[in-house]
Amino acid sequence: MVDKERLNALSKWGGFVGVMTIISGIISALIGVFAFVVGAIPGIITIILGVKLINARAQADALISANIEGEQNLNVLFDHLNGYFKIQGILIIVSLVLLVISIIVAFATGFNFFDSLTTPL
């Protein structure tokens, strides 16, 4: 049985976070376009994440308003949330890989930078 109170909370918070995610994605994409065209890609991905949450909210609202158990709506809701979590998980993995690479590069170039400061001209 679907708990309508929990779906209502999911709908409210999912809608709020979805709208805020879309707004931050638009801002990020606009800033990224001016930096480099490729810089808009994270903003576009963020907008897609926000749309996934808005779609999940719509399905939760449909379940709340349905008088019968809407198993199909519940499956679609889970599909939207699953897509959101997959994209977010991939972004976290990519961020961690880039963090490790940047730390390695910082150490490799940092030691050469400090060595050049101590050598006389």
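The values are calculated or read from the model by the stated rules, or taken from the named source; none is laboratory data. This is a predicted model, so every value here is computed, not measured. All Cβ positions, even for glycine, are placed from backbone atoms using ideal geometry, and neighbour counts span all protein chains on display. Side chains included, ligands, DNA and RNA excluded: accessible areas come from the protein's heavy atoms. Shrake-Rupley method; radii C 1.70, N 1.55, O 1.52, S 1.80 Å.
Figures for the structure shown
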{"item": "Heavy-atom accessible surface of the chain: percent carbon and sulfur, 1.4 Å", "result": "74 percent"}
{"item": "Sum of -39500 (n - 2.57) over DSSP H runs of 4+, divided by residues of the chain (222 nm, nearest 500)", "result": "-32000 deg cm²/dmol"}
{"item": "For peptides 89-99, 14-24, sequence by mean Cβ density within 10 Å, most packed first", "result": "14-24, 89-99"}
{"item": "Computed over the chain: relative contact order in percent, which uses C-alpha pairs under 8 Å that are six or more apart", "result": "23 percent"}
{"item": "Virtual spin-label span in nm between I104 and N75, 7 Å along Cα→Cβ", "result": "4.4 nm"}
{"item": "For the chain: accessible area per residue (Å², 1.4 Å)", "result": "73 Å²"}
{"item": "Charge dipole of the chain about the Cα centre (unit charges at C-beta), most positive-ward option of W13, F36, H80", "result": "F36"}
{"item": "C-alpha center-to-center spacing [the range 1-36, the range 70-108] in angstrom", "result": "15 Å"}
{"item": "Degrees separating the helix 4-35 axis from the principal Cα axis of the chain, which is the longest one", "result": "30 degrees"}
